[in-house]
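One structure is given below, represented as structure tokens, and several questions about it will come after.
The values are calculated or read from the model by the stated rules, or taken from the named source; none is laboratory data. What you are looking at is a predicted structure, and each value in this text was computed from that prediction instead of being measured. All Cβ positions, even for glycine, are placed from backbone atoms using ideal geometry, and neighbour counts span all protein chains on display.
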Amino acid sequence: MSATIAAGVITPPSIEYSQLCPMLLVFGLAVAGVLVEAFVPRQARRGIHLVLTLGGLAAAFVLTIVVASSKSLFRDHAAGHVAAMGAVAVDRPTLFIQGTILVLAFVSVLLIAESSHDVSSFAAQAAAIPGSAEEREGLLAGITHTEVYPLTMFAVGGMLLFPAANDLLTMFVALEVLSLPLYLLCGLARRRRLLSQEAAMKYFLLGAFSSAFFLFGIALLYGFAGSVRLSAIAAAASSDTGSTTLLLAGLALVGLGLLFKIGAVPFHGWKPDVYQGAPTPVTALMASCTVVSAFGALLRVFYVAFGQLTWDWRPAMWTIAILTMVAGALIAITQTDVKRLLAYSSIAHAGFILTGVIAATAAGLSASLFYLAAYGFTTIGAFAVVTLVRDPAGEAAHLSQWAGLGKRSPLVAGVFAFFLLAFAGIPLTSGFTGKFAVFQAAVAGGAVPLVIVGVLSSAIAAFFYVRVIVLMFFSDPAPDAPSVVTPSVFTSAAVVLGVVATVVLGVVPQPLLGLASHAASQLFVR
Amino acid sequence: MSHLTTLAATTAAGPGAASITQNLVFWVLAVISVTAGVGMVLARRAVHCALMLAIVMLSLAVLYALAGAPFLAFVQVIVYTGAVLMLFLFVLMLVGVSSADSIVETIKGQRLAAGVVGTGMLILLALGIGHGAIGGARPLTSRNGSGNVSGIADLIFTKYVFPFEVTSALLITAALGAMVLAHRERTTPKPTQRQLSRQRIAGSHPTPLPGPGTYAQHNSVDMPAMLPDGTPSELSVSPVITRRGLSSQEAGGPPPGQVEAPGKQEARP
Amino acid sequence: MTTVAATGVQHAAWLMLAFPLFGAVVLLLGGRRTDRWGHLLGVAAPLAAFGYGLACFFALLSYPAAGRSRDLHLFSWIPVGGFRVSIGMLMDPLSLSFVLLITGVGSLIHIYSVGYMAHDTDRRRFFGYLNLFIAAMLLLVLSDNYLGLYVGWEGVGLASYLLIGFWQFKPTAAVAAKKAFIANRVGDAGLSLAIMLMFATFGTVNFSGVFARAHEAGPGVMAALGLLLLLGACGKSAQLPLQSWLLDAMEGPTPVSALIHAATMVTAGVYLIVRSNVIFDLSSTARLGVQVVGAVTLLFGGIIACAKDDIKKSLAGSTMSQIGYMFLAAGLGPAGYGLAIGLLLAHGFFKANLFLGAGSVMHGMDDEVNMRRYGGLARLMPVTAATFGLAYLAIIGIPGFSGFFTKDPIIEAAFSKGGVSGALLGTAALIGAGLTAFYMTRMVLMTFFGKRRWEDQAAAAAAGAGQEGEAEAPHQQPHPHESPQVMLWPMILLAIGSVGAGAFLATGDRLVNFLAPVTRTPAAPPGIVGPYGLGALGLALVAVAAAWWMYGRREVPAVAPAGGVLVVAARKDLYGDAFNESVLMRPGQWLTRLSVYFDNRGVDGLVNTFAATVGGASGRLRKVQTGFVRSYALAMFFGAALLVGALLLVRL
């Protein structure tokens, strides 16, 4: 190296384009989407965006499968390959996570694409002041922000990179790349715009706050190991170099940044507010893809970089998992807004997945992978149903408005009840399978008290899920009850996909479980 | 403390080469930048904050230079102190240079708790970093080779080329986001010059509107001009800015939230 | 007996489940679009399943007796770690007997329903539920493990709930549905506890796995398992103490009563016990429990049936009583399993026949159910009367008919158990035979013979006021008429079954031997005609005479007379509801009051405190979510400090 530098020549980096192609495709199409915004007349934009976004996500998914089935990548039982000069890891768990993200993002984009006049969730003009005449003009002109598509693609690109990042610097960049579009998207709600803007602001401020912690943690870890590569940190941690305070403090702060993204208690404050304020399709995107991506990164960091320190981080992570499960389930009980309820439920579920993460075994990894995929579908489906129940002011999110829904729209209420039962973990739904898998892994990892807490909080959680079901089916509708709109093919497809995935993964979970355990068999590449 | 000194020295010029000058500069700048940073958070006026931030940036630039990264130091000065901060200041000037935050705390115990937790965190980090062993970090000069620029280029374009390129996605997103949040598309045809002039003659103010009372009492545009009888002129301040010193009712203007009413704007050619 | 993988036609046995499930999905999701042809699909689905079941049955017959247990592995459900539940289907003599009963009788009742529900606007939905029921019931009997059985168990419960409350505009129907649901929950809790105990003890819930390792468990565990299974069976089969829901369940449409609440679902408890025969064989305590439940319920149901004026409720009491016989037989151990299934199959025919006959009568009488307003219908409904009469002869055990071949051996077996208990059980069974003859004769006389009480409109209107659950406004005088062909043919076919099934099954112990691989019945079961069987016959004839004395010889009053203590008690379901209320509900309320009283001293460890604690904690925690970013940030900061501190302290 020094010789080349002395000569003033830099050897060009080698980039494994074939292994990175899904990610590069998504980023490329995001840029193409921006060009569409710049040069294509407004009427034609949506169609082109749909083709680019949906087609791109589908193509990226196919490419992911191609990469995953590549013989050369996993030759001689290799766990994978570290590509792009050590910045990106391509291994089986990552590919599983990326595939999951791409499928879930596809379904979320179906929700985002819903544009029949009543159901579109995005503001006509984000720059117009809420309640002003300009806003009315924009609404009357029938325009909508089509920038949401490239923004979504950028976010998805960041989500793909986040769990694949093999060094903390790349991980930080990916974190920002996935977060920034989400901050923007959160503020673009068509109805209740002040709430939406407030949510975006909160998410941005707290996100920046957590990013600062994350970055500080990276600095401390760099100080400890002299490198930001996860494997180098692991190597430095295992070679006894004396004081490890920098390592541990760095671990705590990097962990904080990741736990913030999954919404673990006490870093969960943003979640209910943001989930409630954001446009519901964006909430669905965040509740599924972001969570999957953040868990992917969390798994990689804790399994690869801190895999030797299990005994150090386990007590703290135990506490956080317990807090997350219990607080999520507890606070959800007194919620009166459907989206907030689902947000707290998402917090509780993050706690359940954490029990799988804490096991720090291949079984824990595969159980977490399965849970993430299963939960993602169910949660998108649930939010899709939320977009359908509307009153003149937009979505009717208050629970009292959902009373008696089962009597007027039995199908929609039935589907929602089914999703809630899946969240509660009733057998023959994917929720049961996932919970069973993570708890099993946790028990095998010796975390029996954790599982007991998990089961107890599931019971508490089941209470409020059932409460909603009872409300929908056994109460009389309010006089100002909202109506259920007939969705276009996009939302219907998202709901149907959610139902099908929830049923199939509950009744015949074996193929996906097998895939997850195959993906997890060799853990992460180092 | 000795640990920290070693830390500073190690990062500065490598274990053997810690000179007294370097140590001295490090410590002085450390104190200055941390003080400025704390000041930035505590200052009530936005302009003061911006200036404090400039001090932090400049201190950092000097520290970079001291650590053997002159290129980084100059970029820091040019980009952050030069460009970014100046933009901040422009905006601050536009919205009123002496605008200040409300510092009334409504949450009970918030400040006390924040203070306690902050102190605790400080102690913990001091303990952690103070006892920390710096491993593996090499002096920056070892990467510099034929110069700081080529050293950085080597890192950016080989080892970290992927994150570097992905950063572009961040920039594009930021630009796109700015457009989304700030740009309002026209939904009506743009009024022609003729329409505008007609409107103006037909309106109540054919003459140009009075300028703001800048320099009358304060040097910013949010000060209304005084009419001959001593009352403030409601027309003298751009409707996008909150008038200073007067509630909107006193100034006779519309309540906030309607300040962008279209008729109002068209009255100001 | 070893289980072999299924081959040949049985290899696709899942089709049996798929047909009705497909029908249910299409009919329930298809909406109004399928209204026109929905009932046809609804009938085709169980018929197809019946055809396939028949094919599987003959395939099974072609195997040697020892190899008649075929397992079809479908897939592994959640193969995580050491946990492994393979979902599969078990085809053996027991399950296929049930399949033929369910799909055969089920198909006939489906066909009957085409006519019975012809004027109901929601006929399609009705068929959707019926198909759902058939699918769930088939899953229940075909599953090769307790988990699958449980899913089917819950499925039939759901279908039953939906069908009892089918006419949900009637408040009584809605309440009855809810009652059935809750009573069944108690039983289901028993079953699910049994399955959990099984998994904890044996590490598997597969029939073969559990039975293979059953002898390893201690007697206490086996007794607990057996009693928990019995609790589950009691709930589903309406046996004491969970009997109260069945009488109210008659609010459902009559085909539902015939299919679910007479022929198939309520016999699931018997299936469960016979299927778990290995467990019951190992625990005399559990067997005793089954015997007692059966004997008490057969008397209980019979007494209720004697006093009810509502034709369907009287039949429901009869069903309870007959299932009591089956329980009694099953409780007798290896000697009785085959007999229980024999009575079950025969009962499936004649009770379905009786219900369909009752439905036919109601169809012609404007849905009147009070027998005191019937009378003299034999002339007007000859086919209904004839088929009903044949089923009547079958149930009371006239020689040559089904009941004689299937019920009398149970009485014999009870006596031959020996000892005091045998004598007691046998006597109960004997008295039950007399009761059966009495209430059935009463029913036939009041319905088909005597004066045409429905002609006296004024009397009917006056009677309307004081009758149980009958408070209709005076209506048009009914014009009883024979039902349409589509309703008659199923009744005729069932009548043939009622007459012949018993002889067919009992000749040369055909069924007992057929089932032997499953039930391990000793080679020589008690004969059909013994001293006690003849005693039962004699008692039955006396009871017929008594009934004729009371209801045939003299006029039946249109208003029920006051009656004695026993009659009043029987009319009130022998205080079943009052019992529930006073023994379960009231003490529950007292307990609640007591716990509220002791709440201050912290003794209240019940649900309320927990809920209140949870709710209170939730309310308090909720306040943390202020909506201010700075307080969230503070919480994060606090968490960060704790996290850093905790991690640093670990190493200090």
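Quick grid of which residues meet (1) part of a helix (DSSP H, G or I); (2) in contact with a helix residue (DSSP H, G or I) (Cβ under 6 Å, 6 or more places away or on another chain):
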| site | (1), (2) |
| --- | --- |
| A:L52 | yes, yes |
| A:A58 | yes, no |
| A:T64 | yes, yes |
| A:V82 | no, no |
| A:G86 | no, no |
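Further question on the same structure: Condition (residue is modelled with pLDDT of 95 or more and at the interface with another protein chain (Cβ under 7 Å from one of its Cβ atoms)) applied to region A:138-147: is it met by at least one residue? Full working, then the answer.
Start the filter on region A:138-147 by keeping residues that are modelled with pLDDT of 95 or more, which leaves none.
No: region A:138-147 contains no residue that is modelled with pLDDT of 95 or more and at the interface with another protein chain (Cβ under 7 Å from one of its Cβ atoms).
Of the residues A:P449, A:P477, A:P511, only one is closer than 30 Å to A:L365 by Cα, surrounded by fewer than 23 Cβ atoms within 10 Å (Cβ to Cβ) and away from chain C (no Cβ under 14 Å); which? Show your work before the answer.
On the way: A:P477 fails: closer than 30 Å to A:L365 by Cα; A:P511 fails: away from chain C (no Cβ under 14 Å).
None of the other options fit; the residue is A:P449.
Examine region A:149-171 for a residue that is surrounded by fewer than 24 Cβ atoms within 10 Å (Cβ to Cβ) and assigned to a helix (DSSP H, G or I), and state whether such a residue exists.
Initially, region A:149-171 is screened for residues surrounded by fewer than 24 Cβ atoms within 10 Å (Cβ to Cβ), giving A:169.
From the residues that got through so far, the ones that are assigned to a helix (DSSP H, G or I) too are A:169.
Yes, region A:149-171 contains at least one residue that is surrounded by fewer than 24 Cβ atoms within 10 Å (Cβ to Cβ) and assigned to a helix (DSSP H, G or I).
Same structure again: Would you confirm whether any residue within region A:177-190 is more than 9 Å from chain B (Cβ to nearest Cβ), out of contact with any strand residue (DSSP E or B) (no Cβ under 7 Å at 6 or more places or on another chain) and of a type in the set (V, I, T)?
no
Table: residues versus (1) surrounded by fewer than 23 Cβ atoms within 10 Å (Cβ to Cβ); (2) within 21 Å of C:R287 (Cα to Cα); (3) touching a strand residue (DSSP E or B) at 6+ places or on another chain (Cβ under 8 Å).
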residue	(1), (2), (3)
C:A200	yes, no, no
C:G203	yes, no, no
C:A214	yes, yes, no
C:C234	no, yes, no
C:D248	no, no, no
C:L259	no, no, no
C:M265	no, no, no
C:V274	no, yes, no
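For residues that are modelled with pLDDT under 95 and either within 24 Å of A:T64 (Cα to Cα) or among the hydroxyl-bearing types (S, T, Y) (or both), tally how many sit in region A:179-206.
1
Within region A:195-202, identify whether any single residue is in contact (Cβ under 8 Å) with a residue 12 or more places away in the chain, among the basic types (K, R) and part of a helix (DSSP H, G or I), and answer yes or no.
Start the filter on region A:195-202 by keeping residues that are in contact (Cβ under 8 Å) with a residue 12 or more places away in the chain, which leaves A:195-202.
Add one more test, that the residue is among the basic types (K, R), and what stays is A:202.
Right, trim to part of a helix (DSSP H, G or I) and you get A:202.
Checking region A:195-202: at least one residue is in contact (Cβ under 8 Å) with a residue 12 or more places away in the chain, among the basic types (K, R) and part of a helix (DSSP H, G or I).
Note down all Cβ pairs under 6 Å where the first residue falls in region A:157-175 and is more than 8 Å from every other protein chain (Cβ to nearest Cβ), the second is surrounded by 24 or more Cβ atoms within 10 Å (Cβ to Cβ) and of a type in the set (S, T, Y), and they're at least six residues apart or on different chains.
The qualifying pairs are A:M159/A:S293; A:F162/A:S293; A:P163/A:T94; A:P163/A:S293; A:A164/A:T94.
Any chance you could count how many residues in region A:95-135 are hydroxyl-bearing (S, T, Y) and within 14 Å of chain B (Cβ to nearest Cβ)? Show your work before the answer.
If we filter region A:95-135 for residues that are hydroxyl-bearing (S, T, Y), which is where we start, we get A:100, A:108, A:115-116, A:120-121, A:132.
Now restrict to residues that are within 14 Å of chain B (Cβ to nearest Cβ): A:132.
Total meeting the criteria: 1.
Further question: Need at least 1 residues that are within 14 Å of chain A (Cβ to nearest Cβ) and aliphatic (A, V, I, L, M) per element, so show me which helices (runs of 4 or more DSSP H) inside region C:64-182 make the cut, counting only ones lying wholly within it.
C:123-142, C:146-164
Restricting attention to helices (runs of 4 or more DSSP H) lying wholly within region A:365-454, give those where 2 or more residues are within 20 Å of A:L471 (Cβ to Cβ) and not aromatic (F, W, Y).
Values: elements: A:405-408, A:410-424, A:430-444.
Answer list for region A:365-454: A:405-408, A:410-424.
Then there is this: Report whether or not A:G56 is without any contact (Cβ under 8 Å) to a residue 60 or more places away in the chain and either within 12 Å of another protein chain (Cβ to nearest Cβ) or of a type outside the set (F, W, Y) (or both). Don't jump to the end; show me each part of the working.
Details: without any contact (Cβ under 8 Å) to a residue 60 or more places away in the chain: no; either within 12 Å of another protein chain (Cβ to nearest Cβ) or of a type outside the set (F, W, Y) (or both): yes.
Taking the combined requirement at face value, the residue does not satisfy it.
Being surrounded by fewer than 24 Cβ atoms within 10 Å (Cβ to Cβ), closer than 17 Å to C:M443 by Cα and not β-branched (V, I, T) narrows it down to one residue among C:A394, C:A386; which is it?
Details: C:A394 fails: surrounded by fewer than 24 Cβ atoms within 10 Å (Cβ to Cβ).
After ruling out the rest, the residue left standing is C:A386.
Considering only region A:480-505, state which residues are modelled with pLDDT of 90 or more and within 14 Å of chain C (Cβ to nearest Cβ).
Those that are modelled with pLDDT of 90 or more and within 14 Å of chain C (Cβ to nearest Cβ): A:S492, A:V495, A:V496, A:V499, A:V500, A:V503, A:V504, A:L505.
Which is modelled with pLDDT of 85 or more and not polar (S, T, N, Q), of B:V77, B:V95, B:V104?
B:V77
I'd like to verify a number: residues in region A:419-447 that are of a type in the set (A, V, I, L, M), within 20 Å of the chain's Cα centre (by Cα) and over 17 Å from C:S86 (Cα atoms), how many? If you could, list the steps in order and put the result at the bottom.
So the first thing to find is which residues in region A:419-447 are of a type in the set (A, V, I, L, M), and the list is A:420-422, A:424, A:426, A:428, A:437-438, A:441-444, A:447.
From the residues that got through so far, the ones that are within 20 Å of the chain's Cα centre (by Cα) too are A:420, A:422, A:424, A:437-438.
In the following step, the residues that additionally are over 17 Å from C:S86 (Cα atoms) were identified as A:420, A:422, A:424, A:438.
Residues flagged as of a type in the set (A, V, I, L, M), within 20 Å of the chain's Cα centre (by Cα) and over 17 Å from C:S86 (Cα atoms) within region A:419-447 amount to 4.
Turning to a different aspect of this structure: Any idea how many residues of region C:9-47 are part of a helix (DSSP H, G or I) and touching a strand residue (DSSP E or B) at 6+ places or on another chain (Cβ under 9 Å)? Before the answer, list the steps.
Just the residues of region C:9-47 that are part of a helix (DSSP H, G or I), to begin with: C:9-12, C:14-34, C:38-47.
From what's left, touching a strand residue (DSSP E or B) at 6+ places or on another chain (Cβ under 9 Å): C:10-12, C:14, C:16-17.
Qualifying residue count, region C:9-47: 6.
For residues in region A:1-20 being in contact with a Ser or Thr (Cβ under 9 Å, 6 or more places away or on another chain) and modelled with pLDDT of 90 or more, which is nearest to the other protein chains (Cβ to nearest Cβ)?
Result: A:Q19.
Can I ask one more? Is region A:244-251 home to any residue that is out of contact with any Gly (no Cβ under 6 Å at 6 or more places or on another chain) and either away from chain B (no Cβ under 13 Å) or of a type in the set (G, A, S) (or both)? Reasoning before the result, please.
Pass one, region A:244-251, residues out of contact with any Gly (no Cβ under 6 Å at 6 or more places or on another chain): A:244, A:247-248, A:251.
Now narrow it down to the ones that are either away from chain B (no Cβ under 13 Å) or of a type in the set (G, A, S) (or both): none.
No; the residues of region A:244-251 include none that is out of contact with any Gly (no Cβ under 6 Å at 6 or more places or on another chain) and either away from chain B (no Cβ under 13 Å) or of a type in the set (G, A, S) (or both).
A further question follows. Just to check your reading of the model, which residue among C:L643, C:L621, C:L647 is surrounded by 16 or more Cβ atoms within 10 Å (Cβ to Cβ), at the interface with chain A (Cβ under 8 Å from one of its Cβ atoms) and touching an Asp or Glu at 6+ places or on another chain (Cβ under 8 Å)?
Exactly one of C:L643, C:L621, C:L647 is surrounded by 16 or more Cβ atoms within 10 Å (Cβ to Cβ), at the interface with chain A (Cβ under 8 Å from one of its Cβ atoms) and touching an Asp or Glu at 6+ places or on another chain (Cβ under 8 Å), namely C:L647.
Listed here are the residues, each with its yes/no results for (1) among the β-branched types (V, I, T); (2) surrounded by 12 or more Cβ atoms within 10 Å (Cβ to Cβ).
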{"position": "A:A38", "(1), (2)": "no, no"}
{"position": "A:R46", "(1), (2)": "no, yes"}
{"position": "A:A58", "(1), (2)": "no, yes"}
{"position": "A:F61", "(1), (2)": "no, yes"}
{"position": "A:V66", "(1), (2)": "yes, yes"}
{"position": "A:D76", "(1), (2)": "no, no"}
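If you go through region B:168-178, how many residues are loosely packed, with under 15 Cβ neighbours inside 10 Å and either more than 7 Å from chain A (Cβ to nearest Cβ) or of a type in the set (S, T, Y) (or both)? So that I can check it myself, show each step before the final result.
Quick first cut of region B:168-178, residues loosely packed, with under 15 Cβ neighbours inside 10 Å only: B:168, B:171, B:174-175, B:178.
Remaining after also requiring either more than 7 Å from chain A (Cβ to nearest Cβ) or of a type in the set (S, T, Y) (or both): B:168, B:171, B:175, B:178.
Counting residues in region B:168-178 that are loosely packed, with under 15 Cβ neighbours inside 10 Å and either more than 7 Å from chain A (Cβ to nearest Cβ) or of a type in the set (S, T, Y) (or both) gives 4.
Moving to a separate point now. Can you name every residue in region C:612-652 that is more than 22 Å from A:M317 (Cβ to Cβ) and hydroxyl-bearing (S, T, Y)?
Hits for region C:612-652 are C:T613, C:S618, C:T626, C:S631.
One line per residue, one yes/no per condition, for (1) facing chain B (nearest Cβ under 10 Å); (2) buried (at least 23 other Cβ atoms within 10 Å of the Cβ):
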position: A:A225; (1), (2): yes, yes
position: A:A234; (1), (2): no, no
position: A:L256; (1), (2): no, yes
position: A:I262; (1), (2): no, yes
